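Down below is the structure, laid out as structure tokens.
The values are calculated or read from the model by the stated rules, or taken from the named source; none is laboratory data. Note that the structure is a prediction, hence the values are computed from the model and not measured. Glycine also receives a Cβ, built like all others from the backbone with ideal geometry; neighbour counts cover every protein chain displayed.
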Amino acid sequence: MKSLGRMKEFVKTVAFIYPITFKRCPGVFLGGNLFGVLAGLMIGIQTTVMAAFFDAVSVAWANGWKKVFWWGAAMGLVVIGNEIVNGLMNYFLDCTNKYSELGYKMRLHEKAGKLSPIDYEKPEVLDVLEKASKGAAQAARFMSEVTELFTVYIPYLLYMGIYLFLASHVLAVSMLVIFIPVVINQAIRSHIFAGAEEAAAGKRRKRDYYFSCIADKEYIKETKLLGESGFFKGKFSKALQDIICIEHEAEKKNNFWKVVMAVITLLGYSGVLFLLVYSLLKGDIQVGSFAAIFASIDMMYGIMCEIVEGRLGSLASNYGTVKNLTDFLRMPEKEADEKMQESGHGQEGEAEISIELKNVYFRYPGAEKEALKGVNLVVRKGETLAVVGENGAGKSSLMKVMMGMYVPEKGVVRFNGSNTAKDQHYEKISAVFQRYQRYRMSLEDNIVISDPDRKVEGEDISMALCKADIPLSTFSGDGYGAMLSREFGGRELSGGQWQRVAIARGIYRRHDILFLDEPTAAIDPLEETELYHRFEEMCRGKTAVIVTHRMGCTKIADRIVVMKDGEAVEAGTHQELYEQGGLYKRYWDMQAENYVEG
């Protein structure tokens with residue numbers, strides 16, 4: 001039953017990736033299939049023509065040499081034709097591989113982009129993604145080998161099976177004794193290596209991460225300065241050793257079964273040779289057929305070994321990784337708990353509401369405590385809301401839940417009236433994150449990447465740079481084309497300059513609602529005042545949510561929410577909260593005192 005189940009899974013995997021290959025290059029793919037069938041049949045036809053040639057030679061002294069000449073010429077044509085057909089088949093398959101590999105990787109990237117952001121907080125999803133990435137690289141070769149198996153080898157085996165059956169029933173059946181043990185061995189091999197791939201994926205991800213801590217630009221300065229190289233080398237070596245142990249154990253099991261099945265196959269091969277001689281002496285086959293089969297038996301045995309140890313062996317080794325790709329591509333893109341999905345279209349007055357949270361609870365995967373606990377909040381259209389609180393209070397988590405990046409565990413979040421558990425609406429928002437990306441591209445590309453479908457206009461880029469307080473004179477005459485990367489012959493920016501680029505990127509994107517998560521964290525406090533005045537202008541007439549630990553910026557907000565331990569404990573204007581004398585007043589006074597002392 002297990003073997004049948006694995007066979008069904010194999011068929012499902014092939015059926016899933018076949019359309020991807022076909023759609024990328026239908027003509028080339030069909031051409032490879034056609035010439036593959038011809039190549040398989042040509043090998044079998046070569047045996048038939050060889051048998052007729054040997055029969056003609058055996059009676060040439062009595063019947064003349066005319067048939068010998070014609071059958072010899074036919075043999076030559078078959079050999080030449082076989083080479084031509086093989087060359088065309090390989091050409092078409094190589095082209096198919098190049099086209100289809102791009103198709104698999106594109107599907108992988110499209111799928112990764114559609115997953116819910118919370119999935120990237122789950123180790124099991126990251127393991128699946130790592131395995132799927134490897135599968136995308138192997139899928140083209142896997143599909144090529146499946147194509148060769150079904151178009152070249154199976155037609156050849158069918159042809160030879162019929163030929164041997166017509167020559168001797170017993171001889172045809174005995175060939176299975178060679179073939180079956182090797183097939184069993186490859187089924188065992190597939191099971192062993194699929195299990196090894198499953199066990200090694202997480203450890204391989206750790207190995208790659210530890211290596212990046214040693215060598216990547218992002219980590220290298222701190223690693224060297226603090227002398228952490230040895231620490232990470234130890235971690236890297238441990239992860240690498242674990243992977244080697246898993247692979248070694250798999251190879252050990254595979255080699256044991258390989259020896260067992262090779263002995264059985266050798267016995268079967270010896271039996272076939274015995275039956276071939278016996279059939280000739282008994283008169284079941286002619287001399288020509290005997291000579292052709294005897295001459296072809298090594299080739300048949302070699303082809304069977306090539307099928308099972310080469311093609312099926314490679315399929316067995318790669319099947320696990322390719323199945324990981326198909327499993328990933330089948331993953332749901334955004335899971336929604338039916339309990340959270342309330343019916344209806346909201347309440348009266350919803351037209352004036354941009355974002356509404358009702359009794360929202362949220363917990364990160366694997367976390368013991370909830371990041372948000374029973375949050376109720378309404379952000380009205382055109383309102384600027386500031387969210388403040390200590391580190392770990394839940395500010396950034398609240399923002400990501402409001403954006404719809406994370407779906408709450410309990411409760412409901414409505415974005416412009418739509419339940420975020422059901423609908424995605426990222427095209428309506430723009431954001432500047434505390435951990436912004438430093439793209440190694442030109443200044444222009446760093447800006448327009450936030451709205452790639454928008455027609456690029458110099459005035460729009462200039463406006464975004466101006467609002468982010470980035471003078472073009474900073475880039476030494478290179479203007480928008482300035483390369484922001486030393487690695488590609490450009491220049492490196494300071495942390496504050498990079499943050500301004502990230503702000504300009506968020507401003508450039510067309511949006512209804514703007515989210516700012518610690519947008520000035522890397523900017524000098526004396527400079528940020530001017531920038532917040534610019535934010536005030538940007539937010540005027542639009543909905544904005546600003547997460548910040550700098551209390552001075554809250555004055556540009558219409559309303560302020562104070563977070564503590566995942567709860568919204570205070571809400572109101574600056575004046576209202578200050579007069580209440582609660583947490584907000586304490587935060588304000590502490591920070592004001594620090595600035596005065598400074």
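Examine segment 466-481 for a residue that is within 30 Å of ILE353 (Cβ to Cβ) and touching a residue at least 24 places away in the same chain (Cβ under 8 Å), and state whether such a residue exists. Break it down stepwise before answering.
Step one: filter segment 466-481 for residues within 30 Å of ILE353 (Cβ to Cβ), giving 467-468.
Now narrow it down to the ones that are touching a residue at least 24 places away in the same chain (Cβ under 8 Å): 467-468.
Yes, there is a match, as at least one residue in segment 466-481 is within 30 Å of ILE353 (Cβ to Cβ) and touching a residue at least 24 places away in the same chain (Cβ under 8 Å).
Give me the pairs: first residue in segment 98-127 and part of a helix (DSSP H, G or I), second residue of a type in the set (S, T, N, Q) and surrounded by fewer than 16 Cβ atoms within 10 Å (Cβ to Cβ), beta-carbon distance under 9 Å, and six or more apart or on different chains, which are they?
That search, which allows pairs on different chains as well, returns LYS114/GLN424.
Where the second residue is outside any loop (DSSP other than H, G, I, E, B) and of a type in the set (Ser, Thr, Tyr) and the first is more than 12 Å from GLN286 (Cα to Cα) and assigned by TED's automatic domain parsing to the domain that holds MET160 and lies in segment 50-71, which pairs have Cβ atoms under 9 Å and are six or more apart or on separate chains?
MET50/SER296
So in segment 357-393, with the set limited to residues that are part of a loop (DSSP other than H, G, I, E, B) and hydrophobic (A, V, I, L, M, F, W, C), which one is modelled with the lowest pLDDT? Break it down stepwise before answering.
Here is the first cut: in segment 357-393, the residues part of a loop (DSSP other than H, G, I, E, B) are 363-371, 381-383, 390-393.
From what is left, the residues that are hydrophobic (A, V, I, L, M, F, W, C) are 367, 371, 393.
Numbers: ALA367: 85, ALA371: 92, ALA393: 89.
Across segment 357-393, the extreme among qualifying residues is ALA367.
Test LEU93 against the criterion of being within 30 Å of ALA140 (Cβ to Cβ) and surrounded by fewer than 19 Cβ atoms within 10 Å (Cβ to Cβ), and give yes or no.
No: the conditions fail for LEU93.
Identify all residues within segment 539-580 that are more than 18 Å from LYS400 (Cβ to Cβ), among the hydrophobic types (A, V, I, L, M, F, W, C) and buried (at least 18 other Cβ atoms within 10 Å of the Cβ); write none if there are none.
Listed by number, the residues that qualify are CYS539, MET551, CYS553, ILE556, ALA557, ILE560, VAL562, LEU577.
If I filter segment 152-169 down to residues being at pLDDT below 80 and surrounded by fewer than 15 Cβ atoms within 10 Å (Cβ to Cβ), which single residue comes out as nearest to LEU315 (Cα to Cα)?
Of everything passing the filter in segment 152-169, PHE165 is nearest to LEU315 (Cα to Cα).
For segment 394-505, please list each of the helices (runs of 4 or more DSSP H) lying entirely inside it that holds at least 2 residues being exposed (fewer than 15 other Cβ atoms within 10 Å of the Cβ).
Values: elements: 395-403, 443-448, 458-467.
In segment 394-505, 458-467 are the helices (runs of 4 or more DSSP H) which contain 2 or more residues that are exposed (fewer than 15 other Cβ atoms within 10 Å of the Cβ).
Looking only at segment 274-298, which residues are surrounded by fewer than 15 Cβ atoms within 10 Å (Cβ to Cβ) and either at pLDDT 75 or above or assigned to a helix (DSSP H, G or I) (or both)? Before the answer, list the steps.
From segment 274-298, those surrounded by fewer than 15 Cβ atoms within 10 Å (Cβ to Cβ) are 274, 277-278, 281-283, 287, 294-295, 298; that's our starting set.
Once the filter is applied, which keeps residues that are surrounded by fewer than 15 Cβ atoms within 10 Å (Cβ to Cβ) and either at pLDDT 75 or above or assigned to a helix (DSSP H, G or I) (or both), segment 274-298 yields PHE274, VAL277, TYR278, LEU281, LYS282, VAL287, PHE294, ALA295, ASP298.
Of the residues LYS105, LYS98, only one is within 15 Å of the chain's Cα centre (by Cα), among the basic types (Lys, Arg) and within 25 Å of ASN33 (Cβ to Cβ); which?
Numbers: LYS98 fails: within 15 Å of the chain's Cα centre (by Cα).
Every option except LYS105 fails the conditions.
Hey, could you check segment 548-578 for residues that are part of a loop (DSSP other than H, G, I, E, B) and charged (D, E, K, R) and say which is modelled with the lowest pLDDT? Break it down stepwise before answering.
The first filter runs over segment 548-578 and keeps only residues part of a loop (DSSP other than H, G, I, E, B), leaving 548-550, 557-558, 565-566, 573.
When the remaining residues are screened for being charged (D, E, K, R), the result is 550, 558, 565.
Details: ARG550: 76, ASP558: 88, ASP565: 92.
Among those residues, the one meeting the criterion is ARG550.
Assess whether MET405 counts as being touching a helix residue (DSSP H, G or I) at 6+ places or on another chain (Cβ under 8 Å) and touching a residue at least 24 places away in the same chain (Cβ under 8 Å).
On the way: touching a helix residue (DSSP H, G or I) at 6+ places or on another chain (Cβ under 8 Å): yes; touching a residue at least 24 places away in the same chain (Cβ under 8 Å): yes.
When the stated conditions are applied, MET405 passes them.
Exactly one of these conditions fails for LEU77: (1) under 30 Å from LEU280 (Cα atoms); (2) at pLDDT below 90. Give me its number.
(2)
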